[in-house]
Amino acid sequence: MTVAVNYTIVLRSNNLPILRLTKRIIAASFSRMNESIPADFIVSRGLQAKHTVRRSMFTRNKKIAVGSVLVCLIVLLSPFVLTGEYVRVSGPDGRFYAVATFPIWQRYVPLMPGQSGDRSGSVTVYTADGRSCGRVPVDMVSFIRDLEWKPGRAEIRLVAAWDLSKRQASRLQ
């Protein structure tokens, strides 16, 4: 967004050398503002001279302030988006593995010693090449320790099941 700023200079003199000197002073003041005098800027005897300058609404300080606010928002909101890995369990044949994750903001919630597995999160089963077979939310990430591997199937009893051949997951609760 730009704002138009109008400068009006009224010259009231009949002396031509004074008008030329005034024109040089005006040109010098515009060059100090890092702006050039456009062709429609006219200084003549006894007439008004107008100059319109287009300036951006965002000055350097405003850009710094907006950037700082954006960085703070990203830093404050990223723990709600990012996840931390609780544990990784491999299948007996090595073709699949499961990962239990939880939102990273839960690291800052105080827990008693030994209760880190009580966090809610999700369990995802992956193929050996990293393709997902599905993600299921769980009440406690420690449920991954109860994961049973069967041919073509993985299951957390009463919580979730994965059909490994179709790469699909379903929640049983």
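No lab work stands behind these numbers, since they all come straight from the coordinates. Bear in mind that the values here come from a model prediction, so they are computed numbers and not experimental data. Note that we place each Cβ from the backbone using ideal geometry, even for glycine, and neighbour counts take in every protein chain shown.
Data for the structure
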quantity	calculated
Members of the range 124-154 found to be in contact (Cβ under 8 Å) with a residue 40 or more places away in the chain and of a type in the set (D, E, K, R), listed by number	R145
Residue within the range 149-167 that is closer than 20 Å to G84 by Cα, aromatic (F, W, Y) and out of contact with any Leu (no Cβ under 6 Å at 6 or more places or on another chain) present	no
Output for the range 63-95, where each listed residue is of a type in the set (S, T, Y) and under 30 Å from P151 (Cα atoms)	T83, Y86, S90
